[in-house]
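Novice: Pasting a structure below so you can have a look.
The values are calculated or read from the model by the stated rules, or taken from the named source; none is laboratory data. Since the structure is predicted, the reported quantities are computational estimates derived from the model, not experimental observations. Heads up, the Cβs are rebuilt from the backbone with ideal geometry, glycines too, and the neighbour counts pull from every protein chain shown. Note: accessible area is taken over every heavy atom of the protein model, side chains too, but ligands, DNA and RNA are not part of it. Shrake-Rupley method; radii C 1.70, N 1.55, O 1.52, S 1.80 Å.
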Amino acid sequence: MSIEVCHITKTFGRFVALRDVSLTVDTGELVALLGPSGSGKTTLLRVIAGLEQPDPGSGPIRFHDEDVANCPVADRRVGFVFQHYGLFRHMTVRENVAFGLRVRPRRLRPARAEIRQRVTALLRLVQLDFLADRYPHQLSGGQRQRVALARALALEPRILLLDEPFGALDAKVRQELRAWLRRLHDELCVTTVFVTHDQEEALELADRVVIMNEGRIEQIGSPDEVFHCPRTEFVMDFIGQVNRFHGRLENGKLYFATLAVDAPQWTDMPPRTASVFIRPHQLEVELARNGQPALPATVEHIHSAGVRVRLDLVADCGQRLYAELSHERFGQLGLSKGSRVFLSPRDVKVFPAPSTSP
């Protein structure tokens, strides 16, 4: 079941939550809506679900070519999972999962035996069949979220919408559930859209990531595309850690901090200011100048408890910088707090200002 939203605008009083947003989600795709608080991602999810109505004049909302913009929530056959589970405390796990089926109108309600069979199969699918007779307070946070997901799936939704599904869980449980949800999605192939502010979650789980900012879509692409090929300054700055500089392009050269590097792709552009970005792993750390343009800096702090070593540095020009290197390279350099180093950029992302600056 594909999803298409066209030119959607949504305002709350004077606040514009969505600004002419258009998005297509292919059948069976898992798409993440990623952005800071207030960027519009949850509002877009609620518009798709029918929990919010877009402003008059907004375009259609289509589920597989069927315009559902005027359909009530119940008729859209959408499964919605919230951050805080929303389980009924007085019901067992089995009863919670069966609830949506049991309250259907009589003409649409499955027989008791069918409900029992479907609930048993779902609990087995989410690996909770052995907890069917327990109550929510007897479960861990991760188990409660899986019950909430099973309850949403019980209604056989055409589309599954998840709003910060793991936001209330601790880091280790979140990581385990991410891997579990990806496997479950690959098995069920239900078109799924989920909201998150966790970059790692979006990049690890999604087929495509939608980066949102101030009610607009900044970029849509695969995890690799949005990380390695950002199209805007916002996406570059938002995804992952990054070192940012104010620079200037002039006569095929890029000037930033104390460096001047060749920028042949900008030779035909009139002189102008530019924003310059370098990811920490793209800074080569040396103990002496290696013939390449390099920033002298001092090591201020070392974070070595991880897959890679992260250095917090202060450049001689006064700017704080971050660099990452392997444990092997860190050992070769013999760095400690206060060490003097030279940082050479291996890859630089440049976003020229739209017009010449004085």
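Novice: What accessible area per residue, rounded to a whole number of Å², is obtained for segment 176-256 using a probe radius of 1.4 Å? Display every interim value, and only then the final one.
Specialist: Working: 3590 Å² over 81 residues.
Ligands and nucleic acids excluded, the figure is 44 Å² per residue.
Novice: Accessible area per residue for segment 307-358 in Å², computed with a 1.4 Å probe and the full protein assembly in place, what is it? Write out the running numbers ahead of the final one.
Specialist: Values: 2920 Å² over 52 residues.
Using a 1.4 Å probe on heavy atoms only, each residue of segment 307-358 averages 56 Å².
Novice: Give me the angle, in degrees from 0 to 90, between the Cα long axis of helix 171-188 and the longest principal axis of the Cα atoms of the chain, rounded to the nearest 10.
Specialist: 60
Novice: Rounded to the nearest 5, what % of DSSP beta bridges with both residues in segment 89-232 are antiparallel? Mind dumping the intermediate values first?
Specialist: Details: 5 of 10 bridges.
About 50 percent, rounded to the nearest 5.
Novice: Met1 accessible area, nearest 10 Å², 1.4 Å probe?
Specialist: About 50 Å², ignoring ligands and nucleic acids.
Novice: Using the charge dipole of the chain (Lys, Arg: +1 at Cβ; Asp, Glu: -1 at Cβ; taken about the Cα centre), state which of Pro345, Phe277, Ala74 has its Cα farthest towards the positive end.
Specialist: Working it through, the farthest residue towards the positive pole turns out to be Ala74.
Novice: Now for a different question. Calculate the spin-label point distance for Gln175 paired with Asp75, positioning each point 7 Å from the Cα along the beta-carbon direction, and give it in nanometres.
Specialist: Here the answer is 4.7 nm between the modelled labels.
Novice: Out of segment 71-138, which trypsin sites (Lys or Arg not before Pro) are coil in DSSP terms and have no more than 11 other C-beta atoms within 10 Å? Could the numbers behind the result be given before it?
Specialist: Details: sites: Arg76, Arg77, Arg89, Arg94, Arg102, Arg106, Arg107, Arg112, Arg116, Arg118, Arg124, Arg134; in loops: Arg77, Arg89, Arg106, Arg107, Arg134.
When the trypsin sites (Lys or Arg not before Pro) of segment 71-138 are filtered for loop state and at most 11 Cβ neighbours within 10 Å, Arg89, Arg106, Arg107 remain.
Novice: Within segment 68-96, which residues have the backbone N less than 14 Å from the label spot 7 Å out from His137 along Cα→beta-carbon, could you tell me?
Specialist: Hits in segment 68-96 for His137 at 14 Å: 88-92.
Novice: I've got another one for you. Treating the beta-carbon of each Lys and Arg as +1 and of each Asp and Glu as -1, no other charges, what is the dipole magnitude of segment 1-155 about its Cα centre, to the nearest 20 debye?
Specialist: I would put it at about 900 debye.
Novice: Ignoring ligands, DNA and RNA, please state the percent of accessible area on the chain from carbon and sulfur, probe 1.4 Å.
Specialist: On the way: 8770 of 17850 Å².
Its accessible area is 49 percent carbon and sulfur atoms.
Novice: Amide H to amide H, which residues 5 or more places from Leu87 or on other chains are under 5 Å from it, using H placed in the peptide plane?
Specialist: It is none; the list stays empty.
Novice: How big is the charge dipole of segment 1-65 about its Cα centre, in debye rounded to the nearest 20, if each Lys and Arg gets +1 on its Cβ and each Asp and Glu gets -1 on its Cβ? Intermediate values should be presented prior to the final figure.
Specialist: Values: 6 positive and 7 negative charges, 68 e Å.
My answer is approximately 320 debye.
Novice: While we're on this one: For labels at Ala113 and Phe99 in the simple 7 Å Cα→Cβ model, what's the distance in nm?
Specialist: With each label placed 7 Å out from Cα toward Cβ, I get 2.8 nm.
Novice: Specify whether the C-alpha gyration tensor of segment 34-157 places it in the rounded, prolate or oblate class, a ≥ b ≥ c being the square roots of the eigenvalues: rounded for a/c under 1.5, otherwise prolate if a/b is larger than b/c and oblate if not.
Specialist: On the way: a/c = 2.71, a/b = 1.52, b/c = 1.79.
Oblate shape, in that a/c is at least 1.5 and b/c is the bigger or equal ratio.
Novice: Please give the length that would be gained between Thr27 and Leu188 if that part of the chain were fully extended, namely 0.36 nm times their separation in residues minus their C-alpha to C-alpha distance (nm, one decimal).
Specialist: Details: separation 161, 0.36 × 161 = 57.96 nm, distance 1.18 nm.
Contour length minus Cα-Cα distance gives 56.8 nm.
Novice: May I pose another question? Report the calculated FRET efficiency for Arg244 and His327 (r = Cβ-Cβ distance, R0 = 35 Å), to the nearest 0.05.
Specialist: On the way: r = 27 Å, r/R0 = 0.76.
Efficiency computed from Cβ-Cβ geometry: 0.85.
Novice: Mind checking which of Leu23, Val5, Leu125 is farthest towards the positive end of segment 1-129's charge dipole, using Cβ charges of +1 (Lys, Arg) and -1 (Asp, Glu) about the Cα centre?
Specialist: It is Leu125, whose Cα lies furthest towards the positive end.
Novice: For the chain, with a Gaussian network of springs between Cα atoms less than 10 Å apart, report the residue from Pro296, Pro136, Pro270 with the top mean-square fluctuation.
Specialist: Answer for the Gaussian network model of the chain: Pro270.
Novice: Right, next: Looking at segment 267-336, which trypsin sites (Lys or Arg not before Pro) are DSSP coil and have at most 13 other C-beta atoms within 10 Å of their C-beta?
Specialist: Details: sites: Arg272, Arg289, Arg308, Arg310, Arg320, Arg329; in loops: Arg289, Arg308.
Filter output for segment 267-336: Arg289.
Novice: Per residue, how much accessible area does segment 1-52 show when a 1.4 Å probe rolls over the protein heavy atoms, in square angstrom? The partial results should precede the final answer.
Specialist: Values: 1970 Å² over 52 residues.
I get 38 Å² per residue for segment 1-52.
Novice: Which value, in Å² rounded to 10, gives the accessible area of Thr298 with a 1.4 Å probe and all protein chains present?
Specialist: Estimated to the nearest 10 Å², Thr298 gives 50 Å².
Novice: Grab the other residues whose beta carbon is less than 15 angstrom from that of Glu66, score K and R as +1, D and E as -1, and report the net. Write down the numbers at each step before the final one.
Specialist: Numbers: positive: Arg62, Arg76, Arg77, Arg158; negative: Glu4, Asp65, Asp67, Asp75.
Neighbour charge sum, excluding Glu66 itself: 0.
Novice: Calculate one ³J(HN,Hα) per residue across segment 253-263 by plugging θ = phi - 60° into the Karplus curve 6.51 cos²θ - 1.76 cosθ + 1.60, and present them in order as whole Hz with x for glycine and proline.
Specialist: Taking θ as phi minus 60°, the curve returns 10, 10, 10, 7, 6, 10, 9, 9, 10, 5, 9 Hz for segment 253-263.
Novice: Still on this structure: In percent, how large is the relative contact order of the chain, given Cα pairs closer than 8 Å and 6 or more residues apart? Before the final figure, lay out the partial values.
Specialist: Values: 716 pairs, mean separation 55.8, N = 358.
With pairs under 8 Å counted, the relative contact order is 16 percent.
Novice: Suppose every Lys and Arg Cβ carries +1 and every Asp and Glu Cβ carries -1, with no other charges. What dipole size does segment 217-266 come out with about its Cα centre, to the nearest 20 debye? Before the final figure, lay out the partial values.
Specialist: Values: 4 positive and 7 negative charges, 41 e Å.
The dipole of segment 217-266 has a size of about 200 debye.
Novice: Now for a different question. How far apart, in nm, are the 7 Å Cα→Cβ label points at Phe12 and Asp237?
Specialist: Placing both labels 7 Å along Cα→Cβ, they lie 2.4 nm apart.
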